[in-house]
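Rule-based calculations on the coordinates, nothing more; no lab input. Computed from a predicted model, the values in this text were never measured in an experiment. Counting neighbours? That spans all protein chains shown, and the Cβs are built from the backbone with ideal geometry, glycine included.
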Number of protein chains: 2
Amino acid sequence: MSRSNLVELAKRRGYFFQSAGAYGGVSGFYTYGPQGATLKDNVEDAWRERFGVQEGHREIDAPTVMPEAVFEASGHLDTFDDMLVACPECGASHRADHLIEDNTDIEEAESFAPEEIADLVAEHDIQCPNCGTELAGEPVEEFNLMFETNIGPGDASTGYLRPETAQGIFVEFPQLAEYARNQLPFGITQIGKAYRNEISPRNSLVRTREFTQAELEHFVDPNEDEPLIERVADVELTLYPAEKQAESEETEYVTRTVREAVDEGLVHEWVAYYLGVGKQWYESIGVDMDRFRFRQHLSGELAHYAADCWDAEGEIDGDWYELAGFAYRSDYDLSKHDEYSDDDFTVFKQYDESKVVERATVDPDMSYLGPEFGGGAADVAAELELLAERDRAAFEDEAVTVSVDGEEHEIPTEKTGFAVEEVKETGEQIMPHVIEPSIGVDRAVYTVLVHAYSEDEVEGEQRTRLALDPGVAPTFVGVFPLMDKDGMGELARELTDELRAEGLAATYDDSGNIGRRYRRQDEVGTPFCVTVDYDSLEDSEGQRASERPSGDEPRGYTVTLRERDSTEQVRVPVDDLPDLLADLREGETTFSELDAPAAEQ
Amino acid sequence: MSRSNLVELAKRRGYFFQSAGAYGGVSGFYTYGPQGATLKDNVEDAWRERFGVQEGHREIDAPTVMPEAVFEASGHLDTFDDMLVACPECGASHRADHLIEDNTDIEEAESFAPEEIADLVAEHDIQCPNCGTELAGEPVEEFNLMFETNIGPGDASTGYLRPETAQGIFVEFPQLAEYARNQLPFGITQIGKAYRNEISPRNSLVRTREFTQAELEHFVDPNEDEPLIERVADVELTLYPAEKQAESEETEYVTRTVREAVDEGLVHEWVAYYLGVGKQWYESIGVDMDRFRFRQHLSGELAHYAADCWDAEGEIDGDWYELAGFAYRSDYDLSKHDEYSDDDFTVFKQYDESKVVERATVDPDMSYLGPEFGGGAADVAAELELLAERDRAAFEDEAVTVSVDGEEHEIPTEKTGFAVEEVKETGEQIMPHVIEPSIGVDRAVYTVLVHAYSEDEVEGEQRTRLALDPGVAPTFVGVFPLMDKDGMGELARELTDELRAEGLAATYDDSGNIGRRYRRQDEVGTPFCVTVDYDSLEDSEGQRASERPSGDEPRGYTVTLRERDSTEQVRVPVDDLPDLLADLREGETTFSELDAPAAEQ
């Protein structure tokens, strides 16, 4: 299929469209229409269930605007840049590394330095895609991707729209550890908006300036905690390791179960665990597993803090796009905030049994140091303490030498009060390591739509179909009267209300012939349609809504139930419908297990 | 209770706390901890159900960053200001109208002009709350409350963080009307972040710089559509009309049902309908109806576009706070966007029967006008057309006079081709009116917490209790073993997993004595606790988890179920527990309807 078909369908059917079209639109900003917002909600709920509830992790909700100090510590202020080249003629801004990728065989140009990119621009005679001007010789500059704003009036402080939801978790670690009663491991999730001021947004929902992230930060003791691999041990992963990417022209995958990937040392055990969870989740929301892989970061691509990182990638029109990153972030983020802030980002880990350890201490004779060093006495004492911790042997001689402000001082060892004591330690401060599955919600939604899109022929007629999974489809069932007359409309509207009350997303439609209504729901991605027809009317005779006793009396009539994908129909009693549909949604029964197809209408 | 008690509890128990505390915090930004984020989720879901699903409205999801053009049209760029006065000594910024309210008997100082406020500051010798410097003579200035940022690099365009979610709906009206097949009425909802760069954030979650709004824009035909008042006709409203606010020192309310309020003309019918819905919703999430009212906007307070507006208000520590606005916004927003953009913000409304109307037209003889007026002929023809629409009588004489660029021209009537025709009109373009219930989610959450907070005494011991409604409580049931030994811990952990699988938010706790665990859950607001004790063990003998056949075999043992508010306990069979708890959550049964209290433990 062509991507533009989907984008057109998405706009027409209420999935998504570029925002503020009345004012010409703004690149990189999209609005989800009624179908799209509900699909996105369903995808988010599925994520909460799989990564939160089932894993026992808890969710928080932090602001999207954060103070500058956070991003000084996280490194975003210095390094969250893309390479920008501006056209000297038309003034258009371009992402320089993308120009290289689009015009040469080079992939992952992001890992080159700006000067190298500038050289490549010249070498390949790259022109402005907007006006055709040669860009050789134009400077390639780093452009920080954070949206900046001012907080408060007057001498305002600088704030940034968060470039990832993760920092909202890291920066609150001291508080969150308290909720976890300082017990590792624990995990915190967050779903929310994040922002990147992209130089040139593109590919619809893939590269936008405002997007939704679903992130989990799992804090673990790197020395003791291990993932419960057995929970996902048999999940098969399509892996594209760094060495395979380097060594061959052909794309060659390695297929391993989570257990095998860990045992062979292919993937870090914590990362492998979440690749298993991730694969299960993407499959459950309807991403095509034949168009899905995990690609390991190349060494040049790997963030400086990441020990191992694999991206989930989805295929669209022959290209592969990042859907998620599964990174072992070590203690990078917590140690940065520990360093930059006044708070403590460690937890106290109690030993199973207390340990007795030797500790070297000093207790300097200040009546000697005072007269000897005056105002410098305290500094000398502090240096003695450090020396005792560092080098006990230094105290074996008669005198000890310490250096204060570049000046050396000799102190008689007997005046230092040096001693080695045995102390009982009940535990230690540990800085947790972090495993981070970071998922782009918009890209998940977009990939689900692309993979669900198809065109086929039904009874000689072309149809467009979104084969959305019943678990996430925004409209689950369409309810139609064959025609809105003789009471069929009334029965169908009543049925719609009843299904809604049962928590099923039902829509009523009586406009146009029945074939056209099926086509419409096929295109919206509605998995099932129910039609009330003359047979229903006959069955229900004498018990029309207004005449029936109220309450849960059986209605007794039958309707046709039609499946989107097979276009087959079966006749089912209306009283069974809510339970039947709920089972179909949960995957507890399949359409083909139902009765034989009903007669053609 | 004192507000600070709640704020302290909120931080300690994971409801909310000021963000980025490790860096000294930033005024007006809060993070919801694990309990708070889940409570907020539950409140949002309840809103979606009541204002969306039950009313048949659909949800969208628009960006939080929007282009400047939108806010030029909406008026926010010009008028979304607060009054700022800065201290000449310490430089602190203050909201000038709040200084007046805090230091005088004047209420709603917001409705005064900046110069009047400056006069009042001088008149009342108001000092800087920060350093005590006299502020008399300092300028009072308008400060725009939108956060500004740049979109894209280079010659960037200006964007703003949306000050309300509403504009994301209004600006997409043309597209949304298409989804509704141009049929009025229809409603669009949105839940999301909105931002106001408050001069002085205060009162915890009440006045923050980043917050969550839940808004509904209900688009109606002002001439034809009417609310289904009967759906909420009997809901009783505590009303505080504008005239009552003006006329007396005493606060005097008027209690009316929705039906009465409409019949008496007290409240606009569409607004009254949503006051009914709103009251039901606030009551359902646990806002105390004795501390809740609807206050009509005073005329000076009313936005220029609003025909009628009532705020929902909640009482905290004797003060009343706005929780929501219910406004009849007329066609103000759509007409502004219609005017400022190139799109059409009307819908075509088909008449039930086509109408035949007379229309006056001209068909000027250009072979006369051309030679006579040269290049001005087209302008003259256009003026003739306007004149025919405006004033048919002008064509009754032999000659017609039109004015082009200040010059008068006389044209023989016979050369104008004037005629009156009958035309059939099948419908007309209508600009819908809008009713907007706009709800602050954070204030709802905060009020629910404040109204749920109490301190009482249980068996001579002080306890703090959050009496959260079972429908929204983030933790629904605590599961404890009496002690973690003799297999009680195992049974309790198993039970926790089982309850979670049934969709009940369960937490396991075995630390400290049972009384302490009850106190902890009382403070978190957990409505029910279940304890597995020695009696349970005896009942379950011979059928411990590991020995039992797998599947849904009955377990047969009993546990105690304890209610937070009454502190009473009953003994119930563990196999009944999931259904029983689900019924308690949905309000389908009450605790007091269960068996007689169990023996004291």
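Modelled this way, with points 7 Å down the Cα-to-C-beta line, the labels at residue B:502 and residue B:299 are 6.0 nm from one another. D for chain B, whole µm²/s, Stokes-Einstein with Kirkwood Rh over alpha-carbon pairs at 20 °C and 1.002 mPa s: what number? Roughly 74 µm²/s, to the nearest whole number. Computed from label points 7 Å out along Cα-Cβ, the spacing between residue A:124 and residue B:45 is 4.9 nm. Taking GluC sites (Glu not before Pro) across region A:390-447, the ones in a DSSP loop with at most 16 further Cβ atoms lying within 10 angstrom of their Cβ are A:396, A:398. Across bins of 5 angstrom width beginning at 0, how are the C-alpha pair distances of region B:1-154 distributed, in whole percent? Calculated over all Cα pairs of region B:1-154, the distribution is 2, 7, 10, 11, 11, 14, 18, 14, 8, 3, 1, 0 percent.
Working from label points 7 Å from Cα in the Cα-to-Cβ sense, the residue B:113 to residue B:459 distance is 6.8 nm.
From least to most packed, judged by other beta carbons within 10 angstrom and beginning with the fewest, A:250, B:358 follow the order A:250, B:358. Pairs of Lys residues in chain A, spaced 8 or more positions apart or belonging to different chains, with C-alpha separations under 17 angstrom: 4 in total.
Projecting the Cα positions of A:413, A:367, A:387 onto the charge dipole of region A:352-426 (unit charges on Cβ atoms of Lys, Arg, Asp and Glu, taken about the Cα centre) puts A:367 furthest along the positive direction.
Applying 1/(1 + (r/R0)^6) with R0 = 22 Å to the Cβ-Cβ distance of residue A:363 and residue A:342, what FRET efficiency is obtained, to the nearest 0.05? So, using R0 = 22 Å, E works out to roughly 0.15. Taking the label point 7 Å along Cα→Cβ, residue A:365 and its counterparts in the other copies are spaced 13.0 nm apart, in ascending order.
A cut-off of 5 Å between modelled amide H atoms, ignoring neighbours fewer than 5 places along the same chain, links residue B:29 with B:19, B:209. Counting only trypsin sites (Lys or Arg not before Pro) that DSSP places in a loop and that have at most 10 other Cβ atoms within 10 Å, the longest clean stretch of chain A runs over A:182-484.
Per the rotation superposing chains B and A, the chain B residue found at the smallest beta carbon distance from the axis is B:149, 2, distance in Å. Helical runs assigned H by DSSP (4 residues or longer) give chain B a calculated mean residue ellipticity at 222 nm of -8500 deg cm²/dmol, each run adding -39500 (n - 2.57) before division by the residue total. Compactness of the protein assembly as shown, taken as the C-alpha radius of gyration over 2.2 N^0.38 Å, stands at 1.07. The calculated P(r) of region A:222-287, using every Cα pair and 10 Å bins from 0, goes 21, 47, 28, 5, 0 in percent.
Helix B:34-47 axis versus longest C-alpha principal axis of chain B: approximately 50°, rounded to the nearest ten. Amide H to amide H distances under 5 Å link residue A:164 with A:195, where only residues 5 or more positions off or on other chains count and H is placed in the peptide plane.
The calculated P(r) of region A:475-593, using every Cα pair and 10 Å bins from 0, goes 14, 50, 31, 5 in percent. From largest to smallest, the equivalent ellipsoid semi-axes obtained for region B:352-426 from the alpha-carbon gyration tensor read 26, 12, 11 Å. Between copies, residue B:75 shows label-point distances of 5.0 nm, shortest first, with the point placed 7 angstrom from Cα along Cα to C-beta.
For residue A:456, the distances from its label point to the matching points in the remaining copies are 6.2 nm, ordered from shortest, with each point set 7 Å beyond Cα toward Cβ. Relative to the longest principal axis of the Cα atoms of chain B, helix B:377-390 runs at roughly 60 degrees.
On the basis of the beta-carbon distance and an R0 of 41 Å, residue A:401 and residue A:102 show a calculated FRET efficiency of 0.05. Across peptide A:12-25, the mean count of Cβ atoms from other chains lying within 10 Å of each residue's own Cβ comes to 6.
Taking amide hydrogens as placed 1.01 Å from N in the peptide plane, the amide H of residue A:404 sits under 5 Å from those of A:409, each at least 5 positions away in sequence or on another chain.
Karplus-based coupling profile of region A:316-323, in residue order and whole Hz: 9, 6, x, 9, 9, 10, 5, 9, with θ = phi - 60° in 6.51 cos²θ - 1.76 cosθ + 1.60 and x standing for Gly or Pro. Computed from the C-beta positions of residue B:233 and residue A:567 and an R0 of 41 Å, the FRET efficiency is 0.35 to the nearest 0.05.
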